[in-house]
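The values are calculated or read from the model by the stated rules, or taken from the named source; none is laboratory data. Computed from a predicted model, the values in this text were never measured in an experiment. So basically every Cβ, Gly included, is an ideal-geometry build from the backbone, and we count neighbours across all protein chains shown.
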Amino acid sequence: MTVKKKILISSVIVIGAVFYLIMSGFSNVKVHVSLEELIKSREEYQETYVQTEGRVLGDSVDWDASRVELTFVVTGLKDSEQTMPVLYNKPIPDNFQNATEVLVGGYYSEDGVFRAEEMVTKCPSKYEAELE
């Protein structure tokens, strides 16, 4: 095999690998949108993995251990009148009971339920000074 053929084959392999890495990176793009925008433009985000955040309505939390199913309702950070039910089929995060806000990632289904695949809780800081 000549040197030119080796260089050509190596170049094709490198270009192919770079193209694959670029394309696989685009498939993992996450869209972050406000809860209010998600509700308003629900059809636009129907098949898209989306991250959104909201305040947890404390009395809406329901944990079914036998089905490993957590359901709750979140309200918008800007407009508390905007609400969205969330379904999370994983164990409850340790600090969920103290959570005031959550960041959820998943899919907004046609029935209006957000099917979360990941969740990050935002809790009031235990390091903040207490109000007197």
* Considering (1) buried (at least 16 other Cβ atoms within 10 Å of the Cβ); (2) at pLDDT 90 or above; (3) more than 14 Å from His32 (Cα to Cα), say which one Lys90 fails and leave the rest. => (1)
* Could you give every pair whose Cβ atoms fall below 7 Å, whose first residue belongs to region 78-92 and is on the phi > 0 side of the Ramachandran plot and part of a loop (DSSP other than H, G, I, E, B), and whose second residue is exposed (fewer than 12 other Cβ atoms within 10 Å of the Cβ) and not charged (D, E, K, R), counting only separations of at least 6 or pairs across chains? -> none
* Could you count how many residues in region 93-108 are under 14 Å from the mean Cα position of the chain (by Cα) and more than 14 Å from Glu36 (Cβ to Cβ)? -> 7
* To do: Scan region 47-77 residue by residue and report those that are among the charged types (D, E, K, R) and part of a loop (DSSP other than H, G, I, E, B).
  => Glu47, Arg67
* To do: Report, by residue number, each residue of region 37-55 that is touching a helix residue (DSSP H, G or I) at 6+ places or on another chain (Cβ under 8 Å) and under 15 Å from Met119 (Cα atoms).
  => Val50, Thr52, Glu53, Gly54
* Asked: So which pairs qualify, if the first residue must be in region 40-56 and under 14 Å from Val120 (Cα atoms), the second must be among the acidic types (Asp, Glu), the Cβ gap must be under 8 Å, and the two must be at least 6 apart or on different chains?
  -> Glu53/Glu101; Gly54/Glu101; Arg55/Glu101; Val56/Glu101
